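Remarks on the structure that follows.
The values are calculated or read from the model by the stated rules, or taken from the named source; none is laboratory data. All of these numbers come straight from a predicted model, not from anything done at the bench. Cβ sites come from the backbone with ideal geometry, for glycine too, and all protein chains shown count toward neighbours. Heavy atoms of the whole protein, side chains included, go into the accessibility calculation; ligands, DNA and RNA do not. Shrake-Rupley method; radii C 1.70, N 1.55, O 1.52, S 1.80 Å.
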Amino acid sequence: MKTRILLFIMAGIALMVFIVESCSKPIDDPGKNDPPGNGEGPSLPATPYDYVNGTAGMPVYLRNYLDNHPGVDNMPAGNAVTNHGATLGRVLFYDKSLSANNTISCASCHHQDKAFTDGEAFSKGFAGGLTRRNSMPVVNLRFFKAKKMFWNLRAADLETQVLMPIQDHIEMGIPSLGALETKLRGITYYPALFNAAFGTTDINSDRISQALAQFLRSITSFNSKYDQGLATNLANFTAQEKAGLVVLQRLNCVECHSDLSTVFPRQNPTFFIADNSGENTGNGSNNALDENYADKGIGELTGLAKDQGTFKIPTLRNIDLTAPYMHDGRFKTLEEVMEHYRVGAKAHPNRGIQIPNGGYKGSLTETDKANAIAFLKTLTDQSLFIDPKFSNPFQ
């Protein structure tokens, strides 16, 4: 009798253990393969955000410019932005599972509230190492005519660029594209997203590249005070802001930081980087930071003397939020940048012809500097930083 009672008690205990374990580890848990920190996956709207018509609100002056210069738009016919494709790209952009240890995403170096930079001179990678160069903003990439990406233009186009940080041994540390594909195939929320974007659940590096590129091309910024003011001849500007635009035109800053069609004759510049990529085509493109560059930039790839110390020219849009500045983040403020051009310009042989040896000095007064900075702040697009379609879907 005692033996039967003991066996009954033991069987009951075993049943309770089984029930507890079954409840705490459900076999059909939809998030069991998801990486740490992503919970049950991204939170997405039932109807995708509209990424296709992201340029619908573009000011008339910019629309007219693009209509007359269609080559500025680098979106390839084989990878046009779609709502489902950009949605998948948004998830990939913010997903930390694209790094070797699930700690770093593309967005870790490109924060929406910092105009898609990270506020650091050099970005921290998945294992704590630092990148070689400052994180560039990823806004209006669709309208970079030269198509090439990175400070040294080493990626031929955006589709090529987006896979490179993922495999970089400092940035995200995934050992190969095959390893990336295998990892994403094991995450529960991706098959449906790939199916919506491409028509099948097949997950491969080409589709990862295309989706990321679609999302990045959808990040556009045309709603700054400057954009709004051009419709009324800058009636919304202060006298200081208007004077600051004149400073940038007078010192030929717009030759590098805008399209040439609005530079000659003097017009209101678009501040699109359309004609000057940073490559030295004969008139110099170096910004006179040093006489001897430790980082050779484009010259590191080409080995040509004319390319030594030259780098991709960044956009001035949202520049008030993209500090620190230059390829190595050496300047913390716009005031430091302007002071460099006033008295700090070095006699580098590849220096842009717009920059005098030693700087602008007397032709760039303290008042001019303050005016120029006041104008540069009008290029900030506040709507970009609160737009939910560019936000983190894992929050």
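Annotations for the structure displayed:
- Gaussian network model of the chain, Cα within-10 Å springs - most flexible of V139, V91, V60: V60
- Local electrostatic count at L130 - Lys and Arg +1, Asp and Glu -1, tallied over other residues with Cβ under 13 Å: -2
- Legend: helices of the chain (whole DSSP H runs) are marked when their alpha-carbon atoms reach 30 angstrom or more along the helix axis and their mean Kyte-Doolittle hydropathy is at least 1.6; marked are 2-24.
- Put a dot 7 Å past the Cα of A370, heading toward its Cβ, do the same for M75, and the two dots end up 4.4 nm apart.
- Correct choice for percent of Cα pairs over 36 Å apart that was computed from the model, options (i) 19; (ii) 25; (iii) 31: (iii)
- Highest-fluctuation residue, A239, A347, A56 considered, GNM on the chain with Cα pairs under 10 Å: A56
- Considering only V263, V254, V81, the mean-square fluctuation computed in a Gaussian network model of the chain, springs between alpha carbons under 10 angstrom, is largest for V263.
- Rolling a 1.4 Å probe over the protein heavy atoms of the chain, with every protein chain left in place, gives an accessible area that is 57 percent carbon and sulfur.
- Accessible area of the chain divided out per residue, in Å², using a probe of 1.4 angstrom: 46
- Cα gyration tensor, region 220-344 - rounded (a/c under 1.5), prolate or oblate: prolate
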